[in-house]
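**Student:** Input: one structure, supplied below.
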Amino acid sequence: MSIRVLVADDQEIVRTGLAMILDAQPDIEVIGQAADGRRAVELARRLRPDVCLFDIRMPGLDGIAATRALAGPTVDDPLAIVVITTFDLDEYVYAALRAGARGFLLKDAGAALLSQAVHAAANGDALIAPSITARLLSAFAAAGPTSAPAQPIETLTEREEQVLATVARGRTNSEIGDELHISLSTVKSHIASLMAKLGARNRVEIAMWAYETNRVRN
């Protein structure tokens, strides 16, 4: 089964380029394109793609608002969204992650990383592996959160703290298993427990919590 992707970017040459790169992958299919956020939300709700790839800066409705509409806290069945931006320290990226995006990508990332981001989002993972992502989370955490980080409903176990640190550093489930010498199913179980204890909806929110509570430093 191909991963069905919706691409939204107001620049036609960028939008077309992203679609061409993705369509060239054997297991990815671009099923829709949009030039603004409102159209992107409309298409996403109608087509229900596996992954949405949204530019942050779009006319009418920007990528943050579009992400919130499709993956925000009040959305019952959130879609997987990856946001893209030109600048590695774009202040809007953090807001997009808070709005429910599973990760972000720089527009000059290249075909391999673009494909990796789509696959990660489709698998319920998050593309936080590139060092630039960790830098972004760290930079905004250093600037101070808008409110005090939520306390876990239960104390994290020592193993959960270890898994938390690896997630925040962008490790995949397989890499976490190898690093901590535990099975893939055990990794998934620990991540599910972390999400429950932290009230996190995805791995990105787990990573942000780790940075906001100074559990990870670059």
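**Student:** Say each of Glu42 and Glu175 gets a label point 7 Å from the Cα, pointing the same way as Cα to Cβ; how far apart are those two points in nm?
**Tutor:** Going by the 7 Å Cα→Cβ label model, 4.0 nm.
**Student:** On a full-extension model of 0.36 nm per residue, what is the gain between Lys188 and Glu12, subtracting their alpha-carbon distance, rounded to one decimal in nm?
**Tutor:** The Lys188-Glu12 span can extend by a further 59.5 nm.
**Student:** By the scheme Lys and Arg +1, Asp and Glu -1, what is the net charge of all other residues having a beta-carbon under 14 Å from that of Ser183?
**Tutor:** Details: positive: Arg159, Lys188; negative: Glu175, Asp178, Glu179.
After counting each charged neighbour, the total is -1.
**Student:** Based on the mean of other beta carbon atoms within 10 Å per residue, what is the order of 68-77, 102-111, 169-178, most packed first?
**Tutor:** Numbers: 68-77: 14.8, 102-111: 19.6, 169-178: 17.7.
Ranked by mean Cβ neighbours within 10 Å, highest first: 102-111, 169-178, 68-77.
**Student:** Another one. Give me the extension gain from Gln151 to Glu29: residue separation times 0.36 nm, minus the current Cα-Cα distance, reported in nm with one decimal. Let's see the in-between values first.
**Tutor:** On the way: separation 122, 0.36 × 122 = 43.92 nm, distance 4.06 nm.
Full-extension gain reported as 39.9 nm.
Bear in mind these aren't lab numbers, they're just calculated from the coordinates by the rules spelled out. Note that the structure is predicted; figures quoted are calculated from it, not measured. Positions of Cβ are generated from backbone atoms using ideal geometry, with glycine treated the same way; all protein chains shown enter the neighbour counts.
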